[in-house]
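Down below is the structure, laid out as structure tokens.
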Amino acid sequence: MLISDTCTVTYSPAYTIVPTYECFNRCTYCNFRTEPNQNPWMSLSTAQSIFKQLLNQKVCEILILSGEVHPHSPKRQQWFQRIYDLCELALAMGLLPHTNVGPLSFAEMQKLKHVNVSMGLMLEQLTPALLNTVHRHAPSKLPELRLQQLKWAGELQIPFTTGLLLGIGETESDWWETLAAITDLHQRYHHIQEVILQPHSPGTQQTFDAPAFDLYQLPELIAKARQILPPDITIQIPPNLVKDDQWLLACLEAGARDLGGISPKDEVNPDYPHVQEQALREILQPAGWELVARLPIYPQFDHWLSGELPTAVKQWRETLTVISYQSKAT
Ligand code: SF4
């Protein structure tokens, strides 16, 4: 029995680019970072050839996901400029950027707003206890710093995605506290479009020696989160980290309504390949769920966009309507 009238679950047809994997933090559960200066940063010409291949592939979102350069590093300005230029290029080629590159200064966030349709940052968990464990060597995982990013996003009217990382040493009451903090900020600024509930899923690179988050807790957690979060915030779960089809369906029945960006590779969890669109449909359709593509910005935020962004978004909304009509007709 479904809990609401709608049987629609959304996803974003996306492609992830990584300006750099280097990161000055050392979260012990990380399966993404490299040491600084080990690999060249992504060049604009490399990005341009990737974007060219994506045209006509129904990919609308470019997720820009990056390791972090320290705010006081002499390389910070160059790092920020590369991210900005990659967003600008994606936009110029008709794609919709969504940047998630760690904490930014207010000025950096303000600049990126002009070349992004939305942005994101995981809150993960607010408890400071994790600063003594998984975040002992991760200065940018200070809970106050991350909360401030959500506040600034609200002040700047940036549609925002955030979320919780589950099973990294927090308690149940930490979940409710983190969800309540998101709710408070959203009630002030009305800018959070999605909250991701991401189960810790051990990978081959991490040093954090802990089991995967117990997926059997996820539907109940989603149901409780649904009661805490305002109804206009969508709950997102990553289907590649909820491998059991029945539990994936149980998560939807509990109130999750979005499956996030589906791209060829999950850069954050490289050991867990994304389930592609057709395979998802085969799981969802028999249970009465319709999988619908969405943009990285929800329609209620369109009026916050300026410059080139409204035209790009309008074109994509029309394109998705046509694609959805064609897929229903076949
Ligand atoms: S999880 Fe993010 S912030 Fe932490 S080390 Fe990895 S890339 Fe850096």
Task: Between the stretch 58-75 and the stretch 171-206, the Cα center-to-center distance that results, in Å - done: 21 Å
Open item on the list: Please list, in order along the stretch 195-211, the HN-Hα scalar couplings obtained from phi with the Karplus expression 6.51 cos²θ - 1.76 cosθ + 1.60 (θ = phi - 60°), rounded to whole Hz, x for Gly and Pro.
Closed with: 10, 8, 10, 10, x, 4, 10, x, x, 7, 9, 6, 9, 5, 9, 8, x
TODO: Please tell me the relative contact order of the chain in percent, rounded to the nearest whole number, where contacts are Cα pairs under 8 Å and at least six residues apart.
DONE: 23 percent
Task: Extended-chain gain in nm, criterion 0.36 nm per residue less alpha-carbon gap, residue 224 and residue 319 - done: 30.6 nm
TODO: Would you mind calculating the relative contact order of the stretch 197-330 from Cα pairs under 8 angstrom and at least 6 residues apart, reporting the percent as a whole number?
DONE: 18 percent
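Dividing the alpha-carbon Rg of the stretch 196-330 by 2.2 N^0.38 Å yields what?
Working: Rg = 16.8 Å, N = 135, 2.2 N^0.38 = 14.2 Å.
Against the compact-globule rule of thumb, the ratio is 1.19.
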Task: Helix-only CD estimate at 222 nm, as mean residue ellipticity for the chain, using -39500 (n - 2.57) per DSSP H run (n ≥ 4) - done: -11000 deg cm²/dmol
Open item on the list: Longer than 25 Å from Cα to Cα, which of 111/314; 113/243; 58/141; 224/265 are they? Say none if no pair is.
Closed with: 113/243; 58/141; 224/265
TODO: Give, in whole angstrom and from largest to smallest, the semi-axes √(5λ) of the equivalent ellipsoid of the chain, with λ running over the eigenvalues of the Cα gyration tensor.
DONE: 27, 26, 20
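Since every read-out is calculated from the coordinates, none of them should be taken as a lab result. Here the structure is a predicted model, which is why all the values come from computation and not from measurement.
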